[in-house]
């Protein structure tokens, strides 16, 4: 409904001033309350007195019980309005007039000049300070001057002398501590005295964009985009977890940094997360899960899966034949260089810094015992590892060169296999072809012995193929390089004289290559307790001790746009 309200004001000389207002809505409300379209300052009018609305093609006025209204000198409660009707609410007179085009109802509004002003104005029952000569203005000035003196004038005066300043700081009076946030952390000392490097806008908290100006290239998301439906960690302020003015602590280390979400992950992620809830490492933490490579249809490890370490089906399908117990035999292993007793450190060597272990590489860790020589006459000649075609080419090149040079092969006895290198012209084509054929046959014999009996098949799964060029295939090995990629573990801090490798890894009892020797949570809980635990003799360990917030496996962290007028 569209309504036109024409306000009439009569001047002392008889002139009439007019002001118009157009209202558009469901109903035109009349009353003394501040939310009414037409508000009357008359104590005889109810707060919500009446409403004018359109019913089909009619304009209807309805009063809210028990209120009534005088229309054409008659007291009514509900009535259909017509042109010329005069409505009276106390000292207020409304007259229905002809509406212009596009307007459903038009009315004039004026005050009855014969009514006394005391009847129009409502009585204010509130007691005001000025009635007892205690106005707000005087108190405001007094408090303003007191704050100015206590927090600005006094500290400024005391800055004139170092002794006075130290005395002020030691006393109960306010000093520069009221606005000083303390020294910068050592990592931010390069900023110097340039406060505007972080505090870019006056009286606004440090914004995330100021942090990303320096740290942006190194920051990553905490979780996959879209997994969190509750509080989004990407929208949090950097200073929620970091403080530049805490010289002893740049990053928060308490569990409260993580538990608001991880106490009930299914509720926060609407059931998308498969990670168990965690609030304290000693009392409520899920069992460790190792990350294994899963072989795809092509034979390559194309995806990862996480399996609890206490699962009865936990096996690493690496396609490798290996037993830790055999290699850690205290009696030693028989090698070409004699009997050798191996320890964990012979194969598992730490990376620089000692946090993690280097990947196992055959040429560095295994070939000292598992040699790839093929000719007893030349034991230092080794075959390439991991390349079947390269092995066959190496053998063929080796034997072709030897037979063409007239090399007598003691292992190939029989008529016509001993050659005599004679000076003179090059070999005839037929003789050359015959010697190359013997080299190819010798290559196949040695290759079959290497792949199927004494070298490759000792550690790998080898099968013969119908391919005439490369008739053998070695199944690719899939070894886990990071068992717990979401956790931070430092071997150098645990490798003490009191902590042997076998205390956490049961290698001496492992006879199969698919055994997973990663410890469960109970192994760590022997020495570590939660941050809130008071267990005697254990190390208090909070969430940040093993987990990081900015995960390098996730995408880059982008600051969401800030709301207008507010810092993020």
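Conditions (1) surrounded by fewer than 12 Cβ atoms within 10 Å (Cβ to Cβ); (2) at pLDDT 90 or above, marked per residue:
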{"position": "309", "(1), (2)": "no, yes"}
{"position": "331", "(1), (2)": "yes, yes"}
{"position": "338", "(1), (2)": "yes, no"}
{"position": "345", "(1), (2)": "yes, no"}
{"position": "384", "(1), (2)": "no, yes"}
{"position": "390", "(1), (2)": "no, yes"}
{"position": "393", "(1), (2)": "no, yes"}
{"position": "396", "(1), (2)": "no, yes"}
Which residue, of 112, 56, is modelled with pLDDT under 90 and either touching a strand residue (DSSP E or B) at 6+ places or on another chain (Cβ under 8 Å) or buried (at least 18 other Cβ atoms within 10 Å of the Cβ) (or both)? 112
Within segment 455-469, of all residues that are more than 23 Å from residue 367 (Cβ to Cβ) and assigned to a loop (DSSP other than H, G, I, E, B), the one farthest from the chain's Cα centre (by Cα) is 468
Taking the residues in segment 133-162 that are at pLDDT below 70 and not in a loop (DSSP other than H, G, I, E, B) as candidates, determine which candidate is nearest to the chain's Cα centre (by Cα). 155
Kindly list the number of the only condition in (1) in contact with a strand residue (DSSP E or B) (Cβ under 9 Å, 6 or more places away or on another chain); (2) without any contact (Cβ under 8 Å) to a residue 40 or more places away in the chain; (3) assigned to a loop (DSSP other than H, G, I, E, B); (4) not assigned by TED's automatic domain parsing to the domain that holds residue 446 that fails for residue 371. (4)
Residue set 483, 472; condition within 20 Å of residue 361 (Cβ to Cβ) and buried (at least 16 other Cβ atoms within 10 Å of the Cβ); output residue 483
Find the strands (runs of 3 or more DSSP E) located wholly in segment 44-83 whose residues include 3 or more that are more than 21 Å from residue 24 (Cβ to Cβ) and touching a residue at least 24 places away in the same chain (Cβ under 8 Å), and list them. none
Which one of these does residue 301 not meet: (1) within 28 Å of residue 455 (Cα to Cα); (2) modelled with pLDDT of 90 or more; (3) touching a strand residue (DSSP E or B) at 6+ places or on another chain (Cβ under 7 Å)? (2)
Within segment 504-522, tally of residues that are in contact with a helix residue (DSSP H, G or I) (Cβ under 8 Å, 6 or more places away or on another chain) and outside any loop (DSSP other than H, G, I, E, B): 3
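Does residue 107 satisfy being crowded, with 17+ Cβ neighbours inside 10 Å and either touching a strand residue (DSSP E or B) at 6+ places or on another chain (Cβ under 9 Å) or at pLDDT 90 or above (or both)? Show your work before the answer.
Values: crowded, with 17+ Cβ neighbours inside 10 Å: yes; either touching a strand residue (DSSP E or B) at 6+ places or on another chain (Cβ under 9 Å) or at pLDDT 90 or above (or both): yes.
Judged against the criteria, residue 107 is a match.
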Can you name the residue in segment 247-261 that is without any contact (Cβ under 8 Å) to a residue 40 or more places away in the chain and not in a loop (DSSP other than H, G, I, E, B) and, of all such residues, is surrounded by the most Cβ atoms within 10 Å (Cβ to Cβ)? 261
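Filter segment 282-298 down to the residues that are in a loop (DSSP other than H, G, I, E, B) and modelled with pLDDT under 90, then identify the one that is nearest to residue 479 (Cα to Cα). Steps first, please.
Initial filter on segment 282-298 (in a loop (DSSP other than H, G, I, E, B)): 282-283, 285-288, 296-298.
The next check asks that each one be modelled with pLDDT under 90; those that pass are 282-283, 296-298.
Numbers: 282: 31, 283: 33, 296: 15, 297: 18, 298: 17 Å.
Filtering first and then ranking leaves 296.
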Please tell me if residue 233 is over 18 Å from residue 557 (Cβ atoms) and at pLDDT below 85. no
Among the residues of segment 481-488, are any assigned to a loop (DSSP other than H, G, I, E, B), modelled with pLDDT of 90 or more, closer than 28 Å to residue 551 by Cβ and touching a strand residue (DSSP E or B) at 6+ places or on another chain (Cβ under 9 Å)? yes
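So, of the residues in segment 311-344 that are part of a helix (DSSP H, G or I) and in contact (Cβ under 8 Å) with a residue 24 or more places away in the chain, which turns out to be farthest from residue 483 (Cα to Cα)? So that I can check it myself, show each step before the final result.
At the first step, the residues of segment 311-344 found to be part of a helix (DSSP H, G or I) are 324-327, 344.
Filter once more, so that each one left must be in contact (Cβ under 8 Å) with a residue 24 or more places away in the chain: 324-326, 344.
On the way: 324: 18, 325: 21, 326: 23, 344: 18 Å.
Taking the candidates together, the pick is 326.
The values are calculated or read from the model by the stated rules, or taken from the named source; none is laboratory data. If you're wondering where the values come from, they're calculated on a predicted model, not measured in any experiment. Because the Cβ atoms are built from the backbone with ideal geometry, glycine has one as well, and the counts that use them run over all protein chains shown.
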